[in-house]
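To start, the structure under review is shown below, and the notes come after it.
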Amino acid sequence: MASGAMTPYPGNVPVWTNTNNCKACDICVSVCPSGVLGMRYDSTSTLGAMISIDHPEACIGCNECELTCPDFAIYVASKAEYKFAKLTDDAKERQAQIVANNYMSLDQQGVK
Ligand code: SF4
Ligand code: SF4
């Protein structure tokens, strides 16, 4: 695991979040190469959206989300903790669609 203000590993997941810290900035969604992440509308969030892990099975464990999150709100398991996927063309295409959808999850429409 990386250093920082960690939340404990919940077990058997590649990536997890602390939604109390998330500011819905979209950065992690933008850097994920594998279409794992997206934003979802959330009326209880002051920013109107919240990070969502939509495709954990596609996570390749690159750590980009954790390294770029400014608010210590997303964490990636170590390679000892989890067996990550390999990057596929389908995952890359999904990521392109998420970016084109303004970083929203693909079942959410429009701008947050
Ligand atoms: S570790 Fe990499 S592949 Fe997994 S969610 Fe984070 S950015 Fe995406
Ligand atoms: S980079 Fe961090 S604060 Fe920004 S949307 Fe992702 S989890 Fe939330």
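FRET efficiency for Cys62 and Gln109, Cβ-Cβ distance as r, R0 = 41 Å, nearest 0.05?
0.90
Under the 0.36 nm per residue contour assumption, what length would be gained going from the current alpha-carbon distance of Lys23 and Asp90 to full extension?
21.3 nm
Under the Karplus relation 6.51 cos²θ - 1.76 cosθ + 1.60, θ = phi - 60°, what is the ordered set of whole-Hz ³J(HN,Hα) values for the stretch 42-47, x standing for Gly and Pro?
Karplus-based 3J(HN,Hα) across the stretch 42-47 equals 8, 5, 7, 8, 4, 8 Hz.
For the stretch 56-112, take every pair of Cα atoms, bin their distances at 5 Å starting from 0, and report each bin as a whole percent.
Going from the shortest bin to the longest, the percentages are 4, 18, 18, 23, 23, 11, 3, 0.
Measure off 7 Å from each Cα along the Cα-to-Cβ vector at Val99 and Trp16, then give the distance between these two points in nanometres to one decimal.
3.0
Provide, in order from the shortest bin, the percent of all Cα-Cα pairs of the chain in each 5 Å bin, continuing until the bin that contains the maximum pair distance.
2, 14, 24, 25, 20, 11, 4, 0
To the nearest 20 debye, what is the magnitude of the charge dipole of the chain about its Cα centre, counting +1 on the Cβ of each Lys and Arg and -1 on the Cβ of each Asp and Glu?
In total the dipole reaches around 100 debye.
In the chain, what cysteines have no partner Cβ closer than 4.7 Å?
Isolated Cys, the chain: Cys22, Cys25, Cys32, Cys59, Cys62, Cys69.
Bear in mind that the values in this text are calculations on the coordinates, not laboratory data. The structure presented is a predicted model; accordingly, all values stated were derived computationally and were not measured. All Cβ positions, even for glycine, are placed from backbone atoms using ideal geometry, and neighbour counts span all protein chains on display.
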